[in-house]
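These notes are about the structure you will find just below.
The values are calculated or read from the model by the stated rules, or taken from the named source; none is laboratory data. Remember, predicted model here, so these are calculated numbers, not experimental data. When we count neighbours, we look across all protein chains shown, and the Cβ atoms used for this are built from the backbone with ideal geometry, even at glycine.
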Amino acid sequence: MKKIAVFCGSSNGSSPIYVQAAKMLGSELAKRKIGLVYGGSSIGLMGSVADAVLEEEGTVIGVLPEFLENKEIAHKGLTELITVQSMHERKAKMTELADGFITLPGGAGTMEEFFEIFTWAQLGLHQKPCGILNTNHYYDPLVKLINHMADAEFLQEKYRSIAIVEEDPAVMLDRFLTYQPPSIKTYITEKQT
């Protein structure tokens, strides 16, 4: 793996543990010589993960839409800052650049990024690992929802575990190395044949 895209909040969250986990992930990426691809901001968890990679002399590529350049306070110390026109272009560019994806705590935008990548994996648009860093059990409700979707048969069983869920960044990155993508989504089930 050469680059990992990280989706996360532009806020720090309610507990210092979220910032600490973002920094741990950044340090682990740099230690393994894995570049960071992220949203390009200098604030919140986005800024924390980028700063941690940069402090360890790692590579950081930010992808930021023009209209957010001032709102999210573009990070000035990145290896590279790519400016795009829209949120759609941002996600497409991050997906193109990355060999895998990790979701840290965040809000609605982070969820939107996660679910798009998750859906693209189901459809076979990428075969890259997707991880959820479940810091302080933040994503327990999301994991429960994914299991509920599978139990209710709105998510095919083979996709129940599409996201690698871990609390430790090092363990997650180790699991990325052995990731086997699921088969591409089909719409015909045994019940229909």
In the stretch 59-88, anything charged (D, E, K, R) and either at pLDDT 95 or above or in contact with a strand residue (DSSP E or B) (Cβ under 6 Å, 6 or more places away or on another chain) (or both) is listed as 66, 72, 80
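Does residue 104 fit the bill of being more than 23 Å from residue 171 (Cβ to Cβ), aliphatic (A, V, I, L, M) and surrounded by 13 or more Cβ atoms within 10 Å (Cβ to Cβ)?
Numbers: more than 23 Å from residue 171 (Cβ to Cβ): no; aliphatic (A, V, I, L, M): yes; surrounded by 13 or more Cβ atoms within 10 Å (Cβ to Cβ): yes.
So residue 104 fails the test.
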Restricting to the stretch 156-172, count the residues that are within 18 Å of residue 184 (Cβ to Cβ) and in a loop (DSSP other than H, G, I, E, B). 4
Any chance you could count how many residues in the stretch 9-52 are in a loop (DSSP other than H, G, I, E, B), in contact with a strand residue (DSSP E or B) (Cβ under 7 Å, 6 or more places away or on another chain) and hydrophobic (A, V, I, L, M, F, W, C)? 1
Can residue 67 be described as hydrophobic (A, V, I, L, M, F, W, C) and buried (at least 20 other Cβ atoms within 10 Å of the Cβ)? no
What's the number of the only condition in (1) in contact with a Leu (Cβ under 8 Å, 6 or more places away or on another chain); (2) at pLDDT below 95; (3) among the β-branched types (Val, Ile, Thr) that residue 43 fails to meet? (1)
Let me confirm something: among 149, 94, which residue is free of Cβ contacts under 8 Å to residues at least 12 places away in the same chain and either out of contact with any helix residue (DSSP H, G or I) (no Cβ under 7 Å at 6 or more places or on another chain) or not polar (S, T, N, Q) (or both)? 149
Can you pull out the residues in the stretch 119-153 that are modelled with pLDDT under 95 and aromatic (Phe, Trp, Tyr)? 120
Mind telling me which of the residues 5, 52 ends up being buried (at least 22 other Cβ atoms within 10 Å of the Cβ), in contact (Cβ under 8 Å) with a residue 40 or more places away in the chain and under 29 Å from residue 177 (Cβ atoms)? 5
